[in-house]
Each structure stands twice: as structure tokens, then as C-alpha cells.
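**Student:** If you scroll down you'll find the structure; I have some questions about it.
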Amino acid sequence: MGMAKSNELELRVMFKVQASCPNATPDEFRQGLEEQLGDVMEELLQDERVVDPIIGTEYSTGTVTFELIVAGSDEAEIVRITSGAIRAAIHGAGGATPGWSLADGNEGKAPIYTRIGFEADFVDA
């Protein structure tokens with residue numbers, strides 16, 4: 001906290017995505033998702049736009065919840081920053097998001113992520 005400039009809002013954002021991997025067995029999906037989300041976390045920790053990232057996963061449904069603190073001039077900018085940071089982290093970790101092609105040679109076993117929800121709350125000072 002405290003990353004916001006005097007004219008910015010700081011919000012704790014919860015962003016949900018649906019992970020799927022149609023060509024993987026359930027065990028392959030879980031193992032691949034666990035490994036990839038570790039890499040996604042590393043990407044988020046290196047992103048100066050976000051603070052305190054947390055990733056939660058419900059493997060049975062493929063729901064992944066990202067929770068992080070983001071600062072911006074208004075809520076619309078925070079949504080853009082959050083979406084961009086998470087998408088960049090997924091892509092940086094070798095995952096795919098709608099509109100991004102899968103990496104060559106992954107045989108369709110890399111998780112694919114689709115945005116399913118977004119919530120934001122003001123951070124307590």
C-alpha cells in the first residue's frame with residue numbers, strides 16, 4: 001500500500017478467470033495449471049503496477065482468482081491496468097488468453113484463460 005500518488009485511487013482488485021485445457025487429462029490440467037500459476041505469480045511480483053498479488057485456484061472448476069492492489073487516476077484506469085497486468089503475466093508465463101495464440105509445440109495442453117469476473121474495493125489507508 002502507499003503506492004498511489006496523491007491524485008490517485010488505490011483499490012484492492014479481485015479478478016476471476018476461467019482456465020481450461022481441452023486436450024489435457026484432469027491430472028495434466030491440475031499439474032500444468034499449478035506450475036504455470038507459479039510462473040504467473042513470479043511475473044506479477046516483477047510488475048511495478050501491482051502490489052500484494054494473491055492467486056487462488058479451484059481446480060475442479062478451473063476458476064482462478066487474482067487479488068492485488070492497483071493504483072490509478074480513476075476506476076476505469078485501474079480496470080485497464082489490472083486486466084493488462086494479469087494478461088501480461090499469463091502470457092509471460094506461457095499461457096494463452098482469448099486473442100492470443102498458443103505457443104508452438106504445446107499440443108494444446110497449456111491452460112487457456114477467459115475473464116469471468118471483476119470486483120474492486122478501496123484500500124484502507
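**Student:** Pull up region 29-61, narrow it to residues that are small (Gly, Ala, Ser) and assigned to a helix (DSSP H, G or I), then point me to the one that is modelled with the lowest pLDDT.
**Tutor:** 32
**Student:** Scan region 6-17 and give yes if some residue there is in contact with a helix residue (DSSP H, G or I) (Cβ under 8 Å, 6 or more places away or on another chain), surrounded by fewer than 16 Cβ atoms within 10 Å (Cβ to Cβ) and aromatic (Phe, Trp, Tyr), otherwise no.
**Tutor:** In the first step, residues of region 6-17 are kept if they are in contact with a helix residue (DSSP H, G or I) (Cβ under 8 Å, 6 or more places away or on another chain); the result is 9, 11, 13, 15, 17.
Cutting the leftovers down to surrounded by fewer than 16 Cβ atoms within 10 Å (Cβ to Cβ) gives us none.
Checked against the condition, which is being in contact with a helix residue (DSSP H, G or I) (Cβ under 8 Å, 6 or more places away or on another chain), surrounded by fewer than 16 Cβ atoms within 10 Å (Cβ to Cβ) and aromatic (Phe, Trp, Tyr), region 6-17 yields no hits at all.
**Student:** Turning to a different aspect of this structure: Just give me the residues in region 60-78 being surrounded by 14 or more Cβ atoms within 10 Å (Cβ to Cβ) and either without any contact (Cβ under 8 Å) to a residue 40 or more places away in the chain or of a type outside the set (Ser, Thr, Tyr) (or both), in sequence order.
**Tutor:** To start, the set of residues in region 60-78 that are surrounded by 14 or more Cβ atoms within 10 Å (Cβ to Cβ) comprises 62-72, 77-78.
Passing the criteria: 62, 64, 66, 67, 68, 69, 70, 71, 72, 77, 78.
The values are calculated or read from the model by the stated rules, or taken from the named source; none is laboratory data. Quantities reported herein were computed from a predicted structural model and do not represent experimental measurements. We place every Cβ from the backbone using ideal geometry, glycine too, and count neighbours over all the protein chains shown.
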